[in-house]
Amino acid sequence: EDSAKDTLYIVSNNLANHCAGEKITVINIGNYSEYLDSLKDSDIEMAIILENGTCETSVKNANGYRIREIGLEKDLFEDPSVLADGHFERNVTIDGKKYYGYCLPITYEGKVIAAAFAGELKDTVTNALINSIVMYVVIAIVLIVIFAVLALRMSRGFTKAVRSVGECVNAMSRG
């Protein structure tokens with residue numbers, strides 16, 4: 001989850017920097033579609049959310065139309081401190097799916113006019129976590145087997161050496 005948060009922060013920061021200094025309105029928000037779609041191959045969604053709730057997203061529904069609503073838990077524009085340092089949410093709803101999301105302010109002439117949003121499906125993050133856990137468990141099992149085999153071989157070697165020394169001592173004691 002921390003890795004996803006860091007990644008989403010970087011993506012939303014890049015989007016905010018890409019849009020900074022440009023007056024984004026309902027009329028020209030569609031001009032950013034190509035940039036918003038640039039990370040679709042990495043399973044990261046982006047959006048520009050205007051203060052009035054209008055947004056342009058990279059998320060498309062089953063018919064191929066862009067989703068225009070993002071269900072955030074907090075109103076980003078009601079309290080200026082929410083967006084000031086960035087805002088991370090664990091339960092963003094887009095087209096009925098749950099996402100992790102990160103928002104940063106987009107400014108124009110010193111005023112926050114929109115929010116840069118980056119999101120990743122919770123299922124994707126959860127699957128990556130499960131895959132990591134499975135990989136670590138498999139690696140641990142393989143290492144345990146390797147160390148057990150090595151310990152067994154070494155103990156057999158020590159046993160053989162001790163027996164040999166014992167036989168020599170017995171032979172010396174018999175003269």
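Quick notes on this one:
- Filtered residues of segment 54-67 (kept if assigned to a loop (DSSP other than H, G, I, E, B), within 16 Å of Tyr32 (Cβ to Cβ) and modelled with pLDDT of 85 or more): Ser58, Val59
- Tabulated pairs, segment 109-122, first closer than 10 Å to Ile48 by Cα, second surrounded by 23 or more Cβ atoms within 10 Å (Cβ to Cβ) and of a type in the set (Phe, Trp, Tyr), C-beta under 9 angstrom, 6+ apart or interchain: Ala116/Tyr102; Phe117/Tyr102; Ala118/Tyr102
- Test for Cys103: is it surrounded by 10 or more Cβ atoms within 10 Å (Cβ to Cβ), in contact with a strand residue (DSSP E or B) (Cβ under 9 Å, 6 or more places away or on another chain) and either hydrophobic (A, V, I, L, M, F, W, C) or part of a helix (DSSP H, G or I) (or both): yes
- Exactly one residue among Ala47, Ala20, Ala16 is under 30 Å from Asn131 (Cα atoms) and not acidic (Asp, Glu), and that residue is Ala47.
For every residue, the table says whether it meets (1) open to solvent by 90 Å² or more (accessible area, probe 1.4 Å); (2) over 49 Å from the mean Cα position of the chain (by Cα).
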site	(1), (2)
Val112	no, no
Glu120	no, no
Ser132	no, no
Val137	no, no
Ile144	yes, no
Arg153	yes, no
Val169	no, yes
Met172	yes, yes
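- Which numbered condition Leu8 misses (of (1) of a type in the set (A, V, I, L, M); (2) in a loop (DSSP other than H, G, I, E, B); (3) under 23 Å from the mean Cα position of the chain (by Cα)): (2)
- Check on Ala84, in contact (Cβ under 8 Å) with a residue 60 or more places away in the chain and of a type in the set (Gly, Ala, Ser): no
- The sole residue among Ile70, Ile24, Ile44 that is open to solvent by less than 60 Å² (accessible area, probe 1.4 Å), touching a Ser or Thr at 6+ places or on another chain (Cβ under 8 Å), of a type in the set (Val, Ile, Thr) and in contact (Cβ under 8 Å) with a residue 60 or more places away in the chain is Ile44.
- Residue selected from segment 1-21 under the condition polar (S, T, N, Q) and under 13 Å from Pro105 (Cα atoms), by the criterion least open to solvent (accessible area, probe 1.4 Å): Ser12
- Restricting segment 68-90 to residues that are in a strand (DSSP E or B) and within 18 Å of Val11 (Cα to Cα), the residue that is farthest from the chain's Cα centre (by Cα): His87
The values are calculated or read from the model by the stated rules, or taken from the named source; none is laboratory data. Just so it is clear, the structure is predicted and the values come from calculations on it, not from any experiment. Using ideal geometry, Cβ is built from the backbone for each residue, glycine included, and neighbour counts are taken over all protein chains shown. For the accessible areas, the whole protein counts, side chains as well, though only heavy atoms, and no ligand, DNA or RNA atoms are used. Shrake-Rupley method; radii C 1.70, N 1.55, O 1.52, S 1.80 Å.
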